[in-house]
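The values are calculated or read from the model by the stated rules, or taken from the named source; none is laboratory data. In this text the structure is predicted, and so the values were computed from the model without any measurement. Positions of Cβ are generated from backbone atoms using ideal geometry, with glycine treated the same way; all protein chains shown enter the neighbour counts.
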Amino acid sequence: MDIGKWLRLQWDRVLAWMFVAAGAIALIAGWVGVSGSAYAAGQLPYIISGGIGGIFLLGVGATLWLSADLRDEWRKLDSIEDALREERPAADEVAVG
Amino acid sequence: MAEAVAHSRLGTRYSSIDAPRQVAPARPLLWGAEDLLRWAITTGLGGIVIAVAWYIAAGEATFGQQVGPLDAALAGLLLSGVGNLVWLLHGRRALGERRRLLLPDVADATASAAAHVVVVGTPLTAASAATVADAFLAGEGMERFHRPGCALAAGRTGWTTATRQEHEEAGRRPCGVCRP
């Protein structure tokens, strides 16, 4: 499959993975920073940027992923609505005939 | 799987250029512009607060001076979390409402359709029970046949069961929703 087309179709999941990966990297970097500092005053900036920032990025990634699932379900309902529109006139014809 | 999703996403019908343009029925949206704006503001603001808190904390020399920025960063995270939660809950609610609107009796569909097979179709015996999986529903004059549990077959009266071959010989096509 064409990778460009796939990226265009799955942009929300690609973005979600990017945020999740960035969040994981931030958490690991934060841990490395905290473990390398002996003082609380030196550790706290890492906790804010790596820890809290990492959780923030993970949250955005998870939200984007769940949103993509909801959109997929919404599209299924679109196809069901189309099928119902298609089916109903035929049923009405039978009822009248 | 990704290909299947991609295929379903590509499943939009495109009309030819020569064909007369038809006005497509308006489709409801899962999230409106207001929801998107609310999510963008809460997430963006949350991210900015965390970044500013980090910047201030990194410039302070003592732990006591850093507690304030830490609290602010936690507040930014909370704000972003609430925004994400509201966004997802709104999406779920919209999805549920539309599902109920389109398929009000979908919960009873399987049970009623199964009962329908027994009542309308060939009486079930131990031998014929195995063939229930091959029995599909359709009404007279209908163009498509359905699985017994299909939402489009729910609540229909007077429909009969037949095998796939019999339906196809009668000129019927498989339903696009349940894909028998």
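Looking across region A:60-85, the residues that are within 22 Å of A:Leu15 (Cβ to Cβ) and more than 7 Å from chain B (Cβ to nearest Cβ) come down to A:Gly61, A:Ala62, A:Leu64, A:Trp65, A:Ala68, A:Asp69, A:Lys76. Selection of region A:24-41 for residues being within 10 Å of chain B (Cβ to nearest Cβ) and closer than 30 Å to A:Asp12 by Cβ yields an empty set.
Considered as a group, the residues in region B:144-180 that are modelled with pLDDT under 80 and in contact with a strand residue (DSSP E or B) (Cβ under 7 Å, 6 or more places away or on another chain) include one that is nearest to A:Glu73 (Cα to Cα), and that residue is B:Cys178. All of A:Leu15, A:Leu44, A:Leu57 fail the test of being facing another protein chain (nearest Cβ under 9 Å) and touching a residue at least 24 places away in the same chain (Cβ under 8 Å), apart from A:Leu57. Note on region A:55-97: among residues that are of a type in the set (Asp, Glu) and modelled with pLDDT of 85 or more, the one that is nearest to A:Gly30 (Cα to Cα) is A:Asp69.
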